[in-house]
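A short worksheet on the structure shown next.
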Amino acid sequence: MNFLKGAFWQPCNITILFSDGRTRKQVPLKKENGQTAMVPLFQSQENIAGEVVIEPVQGKKLDHIGVKIELLGQIELYFDRGNFYDFTSLVRELDVPGELYEKKTYPFEFSSVEMPHESYNGVNIRLRYILKVTISRNFISNIAESQDFVVRNYTPPPSINNSIKMEVGIEDCLHIEFEYSKSKYHLKDVILGKIYFLLVRIKLKNMELEIRRRESTGSGPNTYVETETLAKFELMDGTPVRGESIPIRLFLSPYELTPTYRNINNKFSVKYYLNLVMVDEEDRRYFKQQEITVYRLLES
Amino acid sequence: MIPDGIDDEDKWLAEGIAGVQHHAFYMHRALDANNLREALKYSALMLSELRTSKLSPHKYYELYMRAFDELKRLEMFFKDESRHGVSIVDLYELVQHAGNILPRLYLLCTVGSVYIKSKEAPANDVLKDLVEMCLGVQHPIRGLFLRSYLSQVSRDKLPDIGSEYEGDVDTVIDAVDFVLQNFTEMNKLWVRMQHQGPGRIREKLEKERSELRDLVGKNLHVLSQIEGVDLEMYKETVLPRVLEQVVNCKDELAQYYLMECIIQVFPDEYHLQTLETLLNACPQLQPTVDIKTVLSQLMERLSNYAALNIDVLPEFLQVEAFAKLNGAIGRVIEAQVDMPILGAITLYVSLLTFTLRVHPDRLDYVDLVLGACVKLLSGKPKIEDNRATKQVVALLSAPLEKYNDTVTALTLSNYPRVMEHLHNETNKVMAIVIIESIMKNNTCISTADKVEVLFELIKGLIKDLDGTCADELDEEDFNEEQNSVARLIHMLYNDDPEEMLKMICTVKKQIMSGGPRRLRFTVPPLVFSALRLVRQLQGQDGAIVGEEVPTTPKKIFQLLNQIIEALSSVSFPELALRLYLQCAEAANNCDLELVAYDFFTQAFVLYEEEIADSKAQVTAIHLIIGTLQRLTVFGVENRDTLTHKATGYSAKLLKKPDQCRAVYACSHLFWVDDQDGIKDGERVLLCLKRALRIANAAQQMASVTRGSSGPLTLFVEILNKYLYYFEKDNPQITSAAIQGLVELITAEMQSESTSVTSDPFFSSTLRYIQFQKMKGGVMGEKYASIKV
């Protein structure tokens, strides 16, 4: 046992500290082990600076052939485990090869880092940003330590934001006209709208508005699509008659939405849909799905 | 959806209540801990129990009330921001996160109410939002209760004039809009209930549905309570919109109920000023709606209003209330083709009641209503429906009651025309009503024309109408009816003899057509009425001079003769005889010897030819004797003839005692106790002697046939006659004769071995003699010679 322990024994402690760590906003991040940790939040073009503290275990000498810190943006596909695609990779050399006897602090800085993609934790995919410190050694394995951080990018309100308006129906059975006030919503937005019944020949029982997230990963024959229903919001109870107009008001804030991601690094997309579902008394479902764009509003 | 049975439903209700209580328990805990998140969660769960479709409205209401009570506690919590730390605006958003619509909206209404109270947003904005959002519940029962909740929590928060929630600009209209919108939606939901469920339980469902009507109606009540709804707004906004909904919902139950509601909740003054709008809606309602009740209520309210506030009458005239109502009724009847005749008539009865109360001076209105009825009834068979008949009777009775004066009714040209449409039976009922009215009010009918009209009205009583079989009539009823007519005849009176005579002639003409059965009742009052006229003329004799006066007693007597003749010819000889005698007496008073003689002749003829029954004969002969005795007009010759006849008939009566009594009665014909009356003592004595002979014969006959001679009553009676004439100083009656008679009776009695005292009549007669003897004076002296 001692032998084994020796083999994996970490000969030093590595700590990564952000220079504005006390003031920077922290957000929860779900880790691989299922636990949630609070990590700092950044956005693109920010300076990421701080220091790395390496403290060898008491009384031991640590030989190395160099110390570096990397800023990595990675896309990880779960069905392709272990396969990372780094879409961003920045390196800073912290130390030249040598020996460490005592605790040593290395400042670092990545300025105006281009981080075009947001952190994302999906069903089949993860996009994450990490700072990774590596102490390279000869013959034996390198010592590495990484620190997650989250990136979120904000966009100003879109200049064009048309409403979604549509008349749909089943001939001689059900005709409705619905309208959502906008096609693009920010994460704390409210969906307003109404459904107007032009013709009702079936006995509806209720009507719901669903928010669905469609995550597609991979490409070509290896495309994986996952659809989740994030919200089921009952809009109507009972059987409407012709001429009724049912209001829609759905607050998005209670739901854990992300912005819409389109073809991130040719690896994945996350899209959102509003699905209007009507259920009749025989539990048959009639629905119409519309894509909406979700964005993270730049608060002015 | 359809409950299998009551038991199941009870079970579901119990489950629902248990669910409410369960979640309410956790909600209370959360409230105590000031934990907003938990409170919202459990209140939503609790309210989810209201999502059930299994309960009938009644049971659902029970469940709703449970939840309602809990929501009050929640509202208290929401009100106190210090307890949950969330601003009301945020709270208003927060509750909308609930996924299920029903709990969401209940919570929203609850928070909304707090929101308005906090005044952080204008009341009208919040209300508008709430009422809009409630559109999401389209299930009738759930929607109705939800909106009822909304109405409940908002009613004290309307931005009404003078309310603390009133905004800067005219917010009353918003308040009204809000209530109207809620009302409209509730009504739509309520109406929609009718289309649910299969036919077999339709009836039950309809009943359940009607239980919910007050939820809808309450909105109208709220509207009526809004200060800002003045006449102008009511006229321009409230009423048109309410009516629009009422008309458009095309549902019988709702239309009826809501019309009723409108009429009940809004002030009379408004109704009066919006009469046209309100009435115009009526013909647009479904043909099965019971408009008659609705309109009747309206008219009743309006007439009460007019009755209580006399100063509003000009307004009634100004808005032409009557004309509008009348027009509306016409249109309604036209629109509702299937309305039974009953309904239509009921409407007119109400209209009539209305006009009688509001415009009592407008007889033309009354006539107009009746005319409309005639139009309605014409071309249709006579009314078969019992209730319809009753309504017509009510229609016709109303003016009578109102005017206390049947004469008024007689001037209504359409009155008899309405009556024509009644069945004979009803016609009679109506006729009796008319007569009773006349009697009750002591109305005097004073012209021949009116008499004519009146008899036209009551012709059901006057003559046999075609189609009535006499056998069907109940004897008693018939008598009753005819008695009424008889009483009526006495009510016809005019001081002017000429007019009076005309009236008599008219009545005569009428009753003569009545057939034999009626004459018995109708002739006597007419005769007496005529005789009264005779007496009246006699009284005025001095005043009226000139031969050309058309009304003379002679003429009247001629008329009477005809009348009575008619009666005598139809087998009521006894009655005719009495009437002849009456007439003879009247003629006597008028000094018309020949006329009197003629009447007497008629009486005797009747006696001879028509009166066969011995009892009747007895009565008749006594009547003749009595009358004749008093007539002074006759000359000696005529009188002799008549008295001779009378005594002759008396003696020819069948039974001896009757003979005897008639004969001694005849004695009075020769002794009239007047100043210058006939005093023929001899013939008196002759009569009495003859009576004694007959009495004797009767006595003997009795002893032969029965072995005993029987009581001596006849003798005692004759004795009394003797005493009478004795006292009247008839020289032919002597004390000796009396003495003899007394002894004769005493002797007879002894032979019958009965004591004198055993016959009370005789003994008191004797006592009388004793008494007179002892009295002394002239009379005492006269009697002194009689020994008893």
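The values are calculated or read from the model by the stated rules, or taken from the named source; none is laboratory data. This structure is a prediction, so every number in the text was calculated from the model and none was measured. Please note: Cβ atoms are built from the backbone with ideal geometry, for glycine as well, and neighbour counts cover all protein chains shown. When the accessible area is computed, the model is the full protein with side chains, heavy atoms only, and any ligands, DNA or RNA have been set aside. Shrake-Rupley method; radii C 1.70, N 1.55, O 1.52, S 1.80 Å.
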Total residues in segment A:135-149, condition in a strand (DSSP E or B) and open to solvent by 10 Å² or more (accessible area, probe 1.4 Å): 6
I want to confirm something. Restricting to segment B:614-627 and keeping residues that are of a type outside the set (A, V, I, L, M, F, W, C) and at pLDDT 85 or above, which single residue is surrounded by the most Cβ atoms within 10 Å (Cβ to Cβ)? B:627
Only residues that are modelled with pLDDT under 80 and buried (at least 19 other Cβ atoms within 10 Å of the Cβ): list them for segment B:373-387, please. B:383
Output the number of the condition that residue B:179 fails; it satisfies all remaining conditions of (1) touching a Ser or Thr at 6+ places or on another chain (Cβ under 9 Å); (2) open to solvent by 10 Å² or more (accessible area, probe 1.4 Å). (2)
Tabulated pairs, segment B:190-209, first more than 14 Å from chain A (Cβ to nearest Cβ) and over 19 Å from residue B:135 (Cβ atoms), second at pLDDT 75 or above and open to solvent by 60 Å² or more (accessible area, probe 1.4 Å), C-beta under 7 angstrom, 6+ apart or interchain: B:208/B:58
Give me the pairs: first residue in segment B:768-788 and under 15 Å from residue B:728 (Cα atoms), second residue open to solvent by 80 Å² or more (accessible area, probe 1.4 Å), beta-carbon distance under 7 Å, and six or more apart or on different chains, which are they? B:769/B:788; B:780/B:774
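From B:66, B:51, which residue is within 14 Å of another protein chain (Cβ to nearest Cβ) and of a type in the set (Lys, Arg)?
B:51
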Condition (residue is surrounded by fewer than 21 Cβ atoms within 10 Å (Cβ to Cβ) and assigned to a loop (DSSP other than H, G, I, E, B)) applied to segment B:658-673: is it met by at least one residue? yes
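Confirm whether residue B:152 is surrounded by fewer than 21 Cβ atoms within 10 Å (Cβ to Cβ), within 13 Å of residue B:222 (Cβ to Cβ) and within 14 Å of another protein chain (Cβ to nearest Cβ).
No.
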Exception for residue B:730 within (1) touching a Leu at 6+ places or on another chain (Cβ under 9 Å); (2) at pLDDT below 80; (3) open to solvent by less than 20 Å² (accessible area, probe 1.4 Å) falls at (2)
Residues in segment B:92-100: is at least one away from chain A (no Cβ under 14 Å) and not in a helix (DSSP H, G or I)? no
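Report those strands (runs of 3 or more DSSP E) wholly inside segment A:188-300 carrying at least 2 residues which are away from chain B (no Cβ under 12 Å), among the hydrophobic types (A, V, I, L, M, F, W, C) and closer than 30 Å to residue B:249 by Cβ. Can you show your working first?
Details: elements: A:190-200, A:204-217, A:224-237, A:245-251, A:261-264, A:268-280, A:285-295.
Filter on segment A:188-300 gives A:190-200, A:268-280.
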Please find, within segment B:487-528, the residue that is nearest to residue B:434 (Cα to Cα) out of those that are among the hydroxyl-bearing types (Ser, Thr, Tyr) and surrounded by fewer than 19 Cβ atoms within 10 Å (Cβ to Cβ). B:493
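Consider segment B:548-571. How many of its residues are among the hydrophobic types (A, V, I, L, M, F, W, C) and surrounded by fewer than 21 Cβ atoms within 10 Å (Cβ to Cβ)?
So the first thing to find is which residues in segment B:548-571 are among the hydrophobic types (A, V, I, L, M, F, W, C), and the list is B:549, B:556-557, B:559-560, B:563-564, B:566-567, B:570.
So of that shortlist, the ones also surrounded by fewer than 21 Cβ atoms within 10 Å (Cβ to Cβ) come out as B:549, B:559, B:566, B:570.
Going through segment B:548-571 one residue at a time, the tally reaches 4.
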Residue by residue through segment B:389-404, note down the ones that are open to solvent by less than 80 Å² (accessible area, probe 1.4 Å) and touching a Pro at 6+ places or on another chain (Cβ under 7 Å). none
In this structure, is residue B:160 within 14 Å of another protein chain (Cβ to nearest Cβ) and over 18 Å from residue B:74 (Cβ atoms)? no
May I ask you to list the residues in segment A:75-110 that are assigned to a loop (DSSP other than H, G, I, E, B) and among the aromatic types (Phe, Trp, Tyr)? A:101
Considering each of B:74, B:47, B:94, B:107 in turn, give the residue that is of a type in the set (A, V, I, L, M), open to solvent by less than 10 Å² (accessible area, probe 1.4 Å) and more than 23 Å from residue B:138 (Cβ to Cβ). B:74
Residue B:517: passes all of (1) in a loop (DSSP other than H, G, I, E, B); (2) modelled with pLDDT under 80 but (1)
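On the basis of being within 14 Å of another protein chain (Cβ to nearest Cβ) and surrounded by fewer than 23 Cβ atoms within 10 Å (Cβ to Cβ), does residue B:86 make the cut?
yes
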Please go through segment B:632-657 and give me each residue that is of a type in the set (A, V, I, L, M) and open to solvent by 40 Å² or more (accessible area, probe 1.4 Å), ordered by number. B:636, B:654
Answer yes or no as to whether residue B:737 is open to solvent by 30 Å² or more (accessible area, probe 1.4 Å), part of a helix (DSSP H, G or I), in contact (Cβ under 8 Å) with a residue 12 or more places away in the chain and over 18 Å from residue B:657 (Cβ atoms). yes
Does segment B:330-340 include one or more residues that are open to solvent by less than 10 Å² (accessible area, probe 1.4 Å) and outside any helix (DSSP H, G or I)? yes
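Quick check on this structure: which one of B:712, B:719, B:692 is of a type in the set (A, V, I, L, M, F, W, C), within 60 Å of the chain's Cα centre (by Cα), modelled with pLDDT of 85 or more and crowded, with 16+ Cβ neighbours inside 10 Å?
B:719 is the lone residue from the list that is of a type in the set (A, V, I, L, M, F, W, C), within 60 Å of the chain's Cα centre (by Cα), modelled with pLDDT of 85 or more and crowded, with 16+ Cβ neighbours inside 10 Å.
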Would you confirm whether any residue within segment B:344-363 is surrounded by fewer than 23 Cβ atoms within 10 Å (Cβ to Cβ), out of contact with any Lys or Arg (no Cβ under 8 Å at 6 or more places or on another chain) and more than 18 Å from residue B:402 (Cα to Cα)? no
Report whether or not residue B:184 is within 14 Å of chain A (Cβ to nearest Cβ), among the polar types (S, T, N, Q), out of contact with any Gly (no Cβ under 6 Å at 6 or more places or on another chain) and closer than 18 Å to residue B:222 by Cα. yes
Give me the residue from segment B:126-149 that is in contact with a Phe, Trp or Tyr (Cβ under 7 Å, 6 or more places away or on another chain) and surrounded by fewer than 23 Cβ atoms within 10 Å (Cβ to Cβ) and, out of that set, nearest to the other protein chains (Cβ to nearest Cβ). B:128
